[in-house]
Amino acid sequence: MQISYLDWLIIFSFFGIFILIGFITSKKSGESSKEFFLSGRNMPWWMLGISMVATTFSADTPNLVTNIVRENGVSGNWVWWAFLITGMMTVFFYAKLWRRSEVLTDLEFYELRYSGKPAKYLRAFRALYLGVFFNVMIMASVCLAGIKIGGILLGLSPFECVFYSSLITVFYSSLGGLRSVVITDLIQFILAMVGSIWACLYILDLDEIGGLISLINNPLVIDKLNFFPDFNNKEAFLTILIIPLAVQWWAVWYPGAEPGGGGYIAQRMLSAKDEKSAVYSTLLFNIAHYAIRPWPWILIALSSIVVYPALSDISNAFPSIDKSIIGNDIAYPAMLYLLPSGLLGLVLASLIAAFMSTISSHLNWGASYISLDFYKRFINKDASEKQIVFVGRISTVILMFLAGFLALNLSDALGAFQILLQIGAGTGSIFLLRWFWWRVNAYSEITGMIISFLLAIYFQWFHYDLTGINLLSHEKLLWSIFITTSSWIIVTLLTKPSDNKILFEFYKKIKPYGIGWNGFLSANNIQNINKNEESPMRDILLMFLGIAIVYFGLFGLGLLIYGKYMIGTTLVIISFVSAYTTNYIMSYNNNS
């Protein structure tokens, strides 16, 4: 494919903007670790919310959605739509608690909540486990998308894709810290949304597609349009809808949708000016992430079924592409191949921007774990602020190198997604309950982390060889959730809770409500200081309103696209009414 000079001009113009932002913010960000990793805790809530959305809007996200739609139809997206429930719990239950904790990283939470050597070693291990191992896996799956996009649209080899796409990202991320990341995220999100919507409109107008009405009436597509799986297909109904809604959202830890918040989501909440800003930024993230972004990707995915009905059609259309990376996820960049000059440059720039947005956030987040939670805490306790920032910058380079190396050995976006789900299976309930149940201790988290990881390895490589039983993906997930959850609860009840002093200081600082702390309060004759301050019923109501905003908005917009204007408009109105009611309740509470 011949990329025009106009396309290259658009792409390199945005590269220049991102590098300039890195230079401008580098001096301020280099002043302290608080500036480098939390942007001084003074960023506007709306910028933090958009930054969260931009981070989850990676180059691999439209590839993943395309993979899902081609295999399981629109309803297949419940595998990630179900995470909205834990997302809204994070908004109304946990965002204020994270900001109230005033920690620099979410791993610092361990020594705020737990006591003794177990808390210390848990923090150190998680710093490397999440900051290096898990983080590198996530970035590698993102780089895989870059490889597929660059291979089809630019004719680059896998190594060239990883090298060129990483170079600029590492450069501005290591210079400007989180402030640079958040500012560039804003530009990248706007660019990515404009690019995906414009590309969608152009593709729908292609002769092969014949417009939106022709697409949704195409025999190849019509059975892929349902929002819910076929109730008569029990296996699909169970795996696509029931398990995600009943179990997955609370039991599985997944980056960007961590139960109770964590990772770069927690980092943004900790960067907010106050508790109110933390709540509003996370609410904006969930609305934009689930309700606003998906439809352009879904429509392009449906269009790809018409243009490339089978994987062999993609392989024949792009004979130079390595056959090992041909999968349903590659259909998205294959559709972008059809775009004209100028628009192609804009869309390519938007995908590169989406890639850099996600990678830069993961680099800054991972570097914060390595420099603050490992280096400063355990290697050099007297490290100066400049030394911490220096280690953070070096860590950024190393993490990118490891992610690029791993990316060259992956092949499928959905497969990588499922592996990450499997590794985190059963640990989600710990992250939800540790704030509201005083008995959860460091051994609870250690148990959950080790058991879930070992089970993921066992089911992935050993179970069939040892038993001869071939378990499906959802069966492996359910067994992992059951065994891991049972294990950590048993260990919790058999081990001692954290020291009373640590628990009391945590209780005073965080002010958790609910009955989970009543045993601690009564055993130590402590008065419930939160009795009249916050109402869990109010937050439960707000959570359900937040879920209504997103699901009614998502499906209302979808029905309007499908031409069902009456019911679509009704759902959109319900979404707006839910949003108004949510804002009214939150404003009333803040004013009172």
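The values are calculated or read from the model by the stated rules, or taken from the named source; none is laboratory data. Being a predicted model, the structure only gives us computed values, none of them experimental. Note: ideal-geometry Cβ built from the backbone for every residue, glycine included; neighbour counts use all protein chains shown. When the accessible area is computed, the model is the full protein with side chains, heavy atoms only, and any ligands, DNA or RNA have been set aside. Shrake-Rupley method; radii C 1.70, N 1.55, O 1.52, S 1.80 Å.
Overview of values
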read-out: All positions within the stretch 481-500 that are more than 30 Å from Tyr458 (Cβ to Cβ) and either free of Cβ contacts under 8 Å to residues at least 24 places away in the same chain or buried (at least 18 other Cβ atoms within 10 Å of the Cβ) (or both); value: Pro497, Ser498
read-out: Selected residue [open to solvent by less than 40 Å² (accessible area, probe 1.4 Å), over 30 Å from Ala119 (Cα atoms) and touching a helix residue (DSSP H, G or I) at 6+ places or on another chain (Cβ under 8 Å)] from Tyr308, Tyr369; value: Tyr308
read-out: Qualifying residue in the stretch 84-97 (condition: at pLDDT below 90, in contact with an Asp or Glu (Cβ under 9 Å, 6 or more places away or on another chain) and under 20 Å from Ile423 (Cα atoms)); value: no
read-out: Failed item in (1) open to solvent by less than 20 Å² (accessible area, probe 1.4 Å); (2) among the small types (Gly, Ala, Ser); (3) touching a Lys or Arg at 6+ places or on another chain (Cβ under 9 Å), with Gly546 passing the rest; value: (3)
read-out: All positions within the stretch 181-227 that are more than 14 Å from Leu299 (Cα to Cα) and of a type in the set (S, T, N, Q); value: Thr184, Gln188
read-out: Exclusive hit being modelled with pLDDT of 85 or more, open to solvent by less than 20 Å² (accessible area, probe 1.4 Å) and among the hydroxyl-bearing types (Ser, Thr, Tyr), set Thr358, Thr427, Thr447; value: Thr427
read-out: Unmet criterion (only one of (1) of a type in the set (A, V, I, L, M); (2) in contact with a Phe, Trp or Tyr (Cβ under 7 Å, 6 or more places away or on another chain); (3) open to solvent by 10 Å² or more (accessible area, probe 1.4 Å)) for Leu220; value: (2)
read-out: Positions within the stretch 197-217 being open to solvent by 70 Å² or more (accessible area, probe 1.4 Å), in contact (Cβ under 8 Å) with a residue 12 or more places away in the chain and under 18 Å from Tyr332 (Cα atoms), in sequence order; value: Ile197, Trp198, Tyr202, Glu208
read-out: Scan of the stretch 512-527 for residues that are in contact with a Leu (Cβ under 8 Å, 6 or more places away or on another chain) and either surrounded by 14 or more Cβ atoms within 10 Å (Cβ to Cβ) or on the phi > 0 side of the Ramachandran plot (or both), ordered by number; value: Pro512, Gly516, Phe520
read-out: Selection from the stretch 338-355 of residues that are more than 10 Å from Ile3 (Cα to Cα) and either open to solvent by 10 Å² or more (accessible area, probe 1.4 Å) or of a type in the set (A, V, I, L, M, F, W, C) (or both); value: Leu338, Leu339, Leu343, Leu346, Val347, Leu348, Ala349, Leu351, Ile352, Ala353, Ala354, Phe355
read-out: Any hit, the stretch 40-52, residues being surrounded by fewer than 22 Cβ atoms within 10 Å (Cβ to Cβ), under 22 Å from the mean Cα position of the chain (by Cα) and modelled with pLDDT under 80; value: yes
read-out: Val194 surrounded by 18 or more Cβ atoms within 10 Å (Cβ to Cβ) and in contact with a Ser or Thr (Cβ under 8 Å, 6 or more places away or on another chain); value: no
read-out: Test result for Ser157, open to solvent by 10 Å² or more (accessible area, probe 1.4 Å) and touching a residue at least 24 places away in the same chain (Cβ under 8 Å); value: no
read-out: Options Gly150, Gly177; residue that is touching a Cys at 6+ places or on another chain (Cβ under 7 Å), under 22 Å from Ile19 (Cα atoms), modelled with pLDDT under 80 and not β-branched (Val, Ile, Thr); value: Gly150
read-out: Tabulated pairs, the stretch 316-333, first touching a residue at least 60 places away in the same chain (Cβ under 8 Å), second open to solvent by 20 Å² or more (accessible area, probe 1.4 Å) and of a type in the set (D, E, K, R), C-beta under 7 angstrom, 6+ apart or interchain; value: Gly327/Asp412; Asn328/Arg70; Asn328/Glu71; Asp329/Asp412; Ala331/Arg70
read-out: Number of the exception - Ala331 against (1) closer than 16 Å to Asn63 by Cβ; (2) surrounded by fewer than 24 Cβ atoms within 10 Å (Cβ to Cβ); value: (2)
read-out: Single match in Asn583, Asn525 (criterion: polar (S, T, N, Q), over 30 Å from Leu302 (Cα atoms) and not in a helix (DSSP H, G or I)); value: Asn525
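Matching residues to (1) in contact with a Ser or Thr (Cβ under 7 Å, 6 or more places away or on another chain); (2) over 30 Å from Asn364 (Cα atoms); (3) open to solvent by 20 Å² or more (accessible area, probe 1.4 Å); (4) charged (D, E, K, R):
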site: Met269; (1), (2), (3), (4): yes, no, no, no
site: Ala272; (1), (2), (3), (4): yes, no, no, no
site: Glu275; (1), (2), (3), (4): no, no, yes, yes
site: Phe285; (1), (2), (3), (4): no, no, no, no
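Yes/no matrix, rows are residues, columns are (1) in contact (Cβ under 8 Å) with a residue 24 or more places away in the chain; (2) part of a loop (DSSP other than H, G, I, E, B):
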residue	(1), (2)
Leu220	yes, yes
Asn226	yes, yes
Asn232	no, yes
Leu238	yes, no
Leu241	yes, no
Val247	yes, no
Trp250	yes, no
Tyr254	yes, yes
